[in-house]
Amino acid sequence: MAILYDQRPFKTRVKESLADDFKVKAIQTAQDVFYAKRKALVDQVPEWEEFREEAAEIRDHVLKNLDYYLNQFAENAEKAGAHVHFATDAKEANEYVMEVVRAKNAKMVVKGKTMVSEEISLNEALMNNGVEVNETDLAEFILQTADWNPPSHIVVPALHFERNRIRQVFHDKLGYNGTEDPEEMTRFVRKRIRDRFLRADIGFTGCNFAVAETGTITIVSNEGNGRMSSSMPKTMICLMGMERLVPDFAALDVMMEMLVRSSVGAKISNYYSMITGPAKPGECDGPEELHIIIVDNGRSNILGGEFESMLRCIRCGACMNICPVYRHITGHAYGSIYPGPMGAVLTPLLVGYEKAGDLPYASTLCGECWEHCPVKIPLHELLLKHRVNIADKAHLRPAAEEAIFKTVATVFGNSFLFDYGTKLGAIGMKLMSKNGVMADWTKLLPVVGGWTKAKDMGTLKLKKFRDVYAEYEAKKRK
Amino acid sequence: MDEAKRKAFFHRISHVLGRSEIPNYVAPYAYQKGPQGKMYADMTQEQIIDMFKVECEKVGTKYIVTDEASLAGTILNEIQERGGGKVIYPCTEEVEQYGLKDAFATVGEDVAHFVQWDPAKGRQANIDEAKVAEIGITFPILGIAETATVIQPSMQESGRSIGLLPLTHIAVLRTDSIVPRMTQSMALLADAYRENPADFPSNVVHISGPSNTADIELVRVVGVHGPINVTFILVE
């Protein structure tokens, strides 16, 4: 899957998402559950704000010295025996992967959760080269089995699938004959993937945090697929975004405090693996060869600029668990593997305004995302910055906008025109209204319909405040 | 070729950060904002151990308290409790220290069948044993009270597979190795690394209960890819 997996217009995607009752309800339930669990835990930590400060500072400290820490990480990972590659873009990253695939004559691979692999369309690259790919995160396995259906959430990507639909997909594609009980279906997947883990030529993982001082990569998981992918296959490939660094082990304490609580409202994940180099001589499991591919893919364009704070992001999903817009339009309306507020900021930075310029408008700018962000990214301000940038670029604006704003400027700048215009507007709205609000049929009108479809819109009064005030002043003078 | 690519990669980063090359030194981050160093500072070891137990109960992880002398018996009981079958255990020094081999020898084949991890047999033979074992026993080096977590390093004598492939994982933890938070465990791991980087374990996993998921309609299901049952045996 590429960063943008749905190229249709934003409004089409939104309409389609809004019409899917199960999906909208599933996202709303997830938001409510994660919100309540997170809140209960955060309320127990009176020092939460101090933790946020520290977490944000650690991330900024790393970003300001990214060349230093990245170099330190690479040196120490290599000392521990890992092969470290640097990939400028998706193409280079996939080339490195294919080099390893060819060297190992790999036919079948297993994958733990990695967002970078989605960014670079790794699955497509592998499959085009005849390699069998197995997603091992339960949700991603469901999506893969359903013909690579796109994810609707960054942490729980298959939320939009009802259990009976999952059963049907398993039945049709894998010959599953059990019930729609989540436990029974999970056991079925366990058995099937267990076999793949044990036979796979290569295990792929992502990286939550990489430690510069020790060359360690770390993986958070609940299901154990991260542990399996990094323990059973003889060759392991870790894909990491180049900004995913912390200075030392002490920082992992702070980051884990923030990540798991913010993400799913738990104190810690079931498993947290720290991997420093391949297996040592004499060890009887674990990867004999470890490749770490560090991916830029547009990140260096963000570094040092007005959007740099976006690179603090630790991919917890707290912003989408609170966002009122995400709550209604769901992950699929964003059309990006990075949905929600963080996705609306990050996606245009990675693919450009031409392709994702609509996303920064998928926000009320209420700022809840920023308040819930464990590394204090001012997401609402960054969304506004995007809008300003887009407004500054004439070719990105709708053609009619310029004419409309010119007219508005003329009318608002002239008291006679303003008075006359608003009176005329009030008369017009009265004609289109019923019981004081705009009539139903106005939903069909262009422009006006944009407002009246979603809410009751009151009409302008014929007698305005300025008229009342003038009468009051006149009376006072008498 | 690769070297040139790497140089270009770093040059681009240094350039946007406003410098021409990678700095030789960066003052370490000072950790002054966060409260982590002060948290639980007044607790006694006893209170810390209690916190570990309370957290186990909160998340539903089974724990059993025992002492060195009764450990072998406690392990055997728990093996029976979990249904017996094939049991795999490491060849670390704890096995000798607690006299486990002798205790295992007293158990009939109909109850449990014991296999020891043996580096001399090589990769495939060990994994083949672990993948069909019902129970795996390991000896974590540290525990974290705040989250009821045990920390398990991999080594020649104790492979990753033992605590990962079997249905049940029994982890034997000394209570004096329990620390309040990840703050302390990370500091200890950092000390170990600094003392001898080459000896640092290739894999250190934090384990906080059985494998689970909520990927289908947010319904919690225990046992996805890792063990379905976990028991912590706390040795006083």
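No value in this document is a laboratory result; all are computed from the given coordinates. Treat the numbers as computed from the prediction; the structure is a model and nothing was measured. Neighbour counts run over all protein chains shown; Cβ positions are idealised from the backbone, glycine included.
Helix-only arithmetic for chain B: the sum of -39500 (n - 2.57) across DSSP H runs with n ≥ 4, divided by the residue total, places the mean residue ellipticity at 222 nm at -9500 deg cm²/dmol. Close amide H pairs (under 5 Å, H built 1.01 Å from N) link residue A:245 with A:210, residues at least 5 positions away or on another chain.
With a Förster radius of 25 Å applied to the C-beta separation of residue A:78 and residue A:50, the computed FRET efficiency comes to 0.10. Rank B:112, B:201, B:130 by how far each Cα sits towards the positive end of the charge dipole of chain B (+1 on Lys, Arg Cβ; -1 on Asp, Glu Cβ) and give me just the farthest. Result: B:201. Based on alpha-carbon centroids, what's the gap between segment A:460-478 and segment A:51-91 in Å, whole number please? Between the Cα centre of segment A:460-478 and that of segment A:51-91, the gap is 66 Å. Dipole of the protein assembly as shown computed with +1 at Lys/Arg Cβ and -1 at Asp/Glu Cβ about the Cα centre; of A:76, A:319, B:52, farthest Cα towards the positive end is A:319.
Counting other C-beta atoms within 10 Å, which of B:26, A:388, A:84, A:345 has the fewest, and how do the rest follow?
Fewest-to-most Cβ neighbours within 10 Å comes out as A:388, B:26, A:84, A:345.
Using the Cβ-Cβ distance between residue B:77 and residue B:176 with R0 set to 30 Å, the FRET efficiency works out to roughly 0.85. Against chain B, whose longest principal axis is taken from its Cα atoms, helix B:2-16 shows a tilt of about 60°. How much of the calculated P(r) for the protein assembly as shown lies past 36 Å, in percent of all Cα pairs? For the protein assembly as shown, the share of Cα pairs beyond 36 Å comes to 46 percent. Here segment B:44-235 is treated with +1 on each Lys and Arg Cβ and -1 on each Asp and Glu Cβ, and its dipole about the Cα centre works out to around 500 debye. For residue A:267, the lysines whose Cα falls under 22 Å of its own Cα, not counting residues fewer than eight places away in the same chain, are A:37, A:39, A:113, A:376, B:33, B:38, B:53, B:58, B:62.
Annotation for segment A:250-289: GluC sites (Glu not before Pro) lying in DSSP loop with at most 16 further Cβ atoms inside 10 Å of their Cβ are A:288. Nearest 10 degrees, 0 to 90: what angle lies between the long axis of helix B:182-195 and the longest principal axis of chain B (Cα atoms)? On a 0 to 90 degree scale, this one is about 80. For segment A:399-477, relative contact order (Cα pairs under 8 Å, six or more residues apart, normalised by length) works out to 23 percent.
For residue A:86, the residues whose modelled amide H falls within less than 5 Å of its own, excluding neighbours fewer than 5 places apart on the same chain, are A:294.
Rounded, prolate or oblate: pick one for segment B:44-235, where a ≥ b ≥ c are the square roots of the eigenvalues of its C-alpha gyration tensor, a/c under 1.5 means rounded, and failing that, prolate if a/b is larger than b/c, else oblate.
Values: a/c = 1.29, a/b = 1.17, b/c = 1.10.
Rounded.
Charge dipole (Cα centre; +1 on Lys/Arg Cβ, -1 on Asp/Glu Cβ; no other charges) of segment A:356-478 amounts to roughly 700 debye. Label zone of residue B:41 (point 7 Å out along Cα→Cβ, amide N under 20 Å): in segment B:169-186 this covers B:179-186. Dipole magnitude for the protein assembly as shown: computed about the Cα centre from +1 point charges on Lys and Arg Cβ and -1 point charges on Asp and Glu Cβ, it is near 4040 debye. What the phi angles of segment A:360-370 give under the Karplus curve with 6.51, -1.76 and 1.60, with θ = phi - 60°, is a coupling list of x, 8, 7, 7, 8, 6, 6, x, 4, 4, 5 Hz, glycine and proline written as x. The DSSP beta bridges internal to the protein assembly as shown are antiparallel in roughly 35% of cases. Across chain B, C-alpha contacts under 8 Å between residues 6 or more apart give a mean separation that, scaled by the residue count, equals a relative contact order of 22 percent. Among the trypsin sites (Lys or Arg not before Pro) in segment B:25-92, those located in a DSSP loop and surrounded by at most 11 other Cβ atoms within 10 Å of their own Cβ are B:38. Cross-link reach is defined here as a Cα-Cα straight distance under 22 Å, omitting same-chain residues fewer than 8 places apart; for residue A:430 the lysines meeting it are A:443, A:453, A:455, A:461, A:463, A:464. Tell me, what is the FRET efficiency for residue A:447 and residue B:96 to the nearest 0.05, using R0 = 60 angstrom and their Cβ-Cβ distance as r? So the FRET efficiency works out to roughly 0.15.
Across segment A:294-306, coupling constants 3J(HN,Hα) worked out from phi with the 6.51/-1.76/1.60 Karplus curve, θ = phi - 60°, read 9, 10, 8, 6, x, 5, 5, 6, 8, 4, x, x, 5 Hz, and Gly and Pro carry x. Would you please state the base-10 log of I(q)/I(0) at q = 0.11 1/Å for segment A:322-432, with intensities from the Debye formula using one equal scatterer on every alpha carbon? Listed by q, the Debye log ratios stand at -0.52.
Across the options B:219, B:142, B:103, the greatest Cα extent toward the positive end of the charge dipole of chain B (unit charges at beta carbon of Lys, Arg, Asp, Glu) belongs to B:219. Taking the C-alpha atoms only, the angle from helix B:71-81 to the longest principal axis of chain B is near 80 degrees. Antiparallel beta bridges, as assigned by DSSP with both residues in segment A:137-287, represent about 55 percent of the total such bridges.
In order along segment B:135-148, the Karplus-derived 3J(HN,Hα) couplings, from 6.51 cos²θ - 1.76 cosθ + 1.60 at θ = phi - 60°, round to 10, x, 10, 9, 10, x, 8, 8, x, 10, 5, 4, 10, 6 Hz, and Gly and Pro are given as x.
With an 8 Å Cα cut-off and a minimum separation of 6 or more residues, compute the relative contact order for segment A:194-270 in percent. About 34 percent, as a whole number.
Amide H to amide H, with H built 1.01 Å from N, residue B:113 comes under 5 Å of B:85, B:86, B:87, counting only residues 5 or more places away or on other chains. Rounded to the nearest 5, what % of DSSP beta bridges with both residues in chain B are antiparallel? Bridges in chain B are about 30 percent antiparallel.
Shape analysis of segment A:390-458 places it in the oblate category; the axes a ≥ b ≥ c from the Cα gyration tensor give an a/c of at least 1.5, with a/b not above b/c.
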